[in-house]
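The block underneath contains the structure these notes are about, expressed in structure tokens.
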Amino acid sequence: MSVAVYLSRWTVQERKVMYQVMVGTPNKCIAGDLTMSLRTVEAHRASGMTKIRLRNALELQSVLQRKSLEQAQGRQLSPTWFGSSSIGSISG
């Protein structure tokens, strides 16, 4: 499942909260930054975690890093100089 699918499950507010959770911002600071109550931040965090079936911020960071690496590797093109046609035997 791609990162976009994970993110599409979250509301706009959940996405804002979850981003800050992922970078390690404490809930109290998130509440101040987003001008919402601490309880609202906790609710958005819990809802966001439940939607993608995670238990803590470490799992969130791990999953998003792994998914973004998979996505990047899927789009990465192999260099042309590694193709089998360019590695020929040298005849002298």
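Observations, loosely collected:
- Residues in the range 5-19 that are aliphatic (A, V, I, L, M) and within 12 Å of the chain's Cα centre (by Cα): VAL5, LEU7, MET18.
- Scanning the range 30-50 for residues that are within 16 Å of SER8 (Cα to Cα) and surrounded by 15 or more Cβ atoms within 10 Å (Cβ to Cβ) returns HIS44, ARG45, SER47, GLY48, MET49.
- Single match in GLN61, GLN20 (criterion: at pLDDT 85 or above and either aliphatic (A, V, I, L, M) or touching a helix residue (DSSP H, G or I) at 6+ places or on another chain (Cβ under 7 Å) (or both)): GLN20
- Residues that are under 24 Å from GLU70 (Cα atoms) and loosely packed, with under 12 Cβ neighbours inside 10 Å, drawn from the range 10-29: VAL23, GLY24
- Of all residue pairs spaced 6 or more apart or on separate chains, those with beta-carbon atoms under 7 Å, a first member in the range 53-78 that is at negative phi and of a type outside the set (A, V, I, L, M, F, W, C) and a second member that is part of a helix (DSSP H, G or I) and at pLDDT below 75 are LYS67/VAL3; LYS67/TYR6; SER68/VAL3; GLN71/VAL3.
The values are calculated or read from the model by the stated rules, or taken from the named source; none is laboratory data. Quantities reported herein were computed from a predicted structural model and do not represent experimental measurements. When we count neighbours, we look across all protein chains shown, and the Cβ atoms used for this are built from the backbone with ideal geometry, even at glycine.
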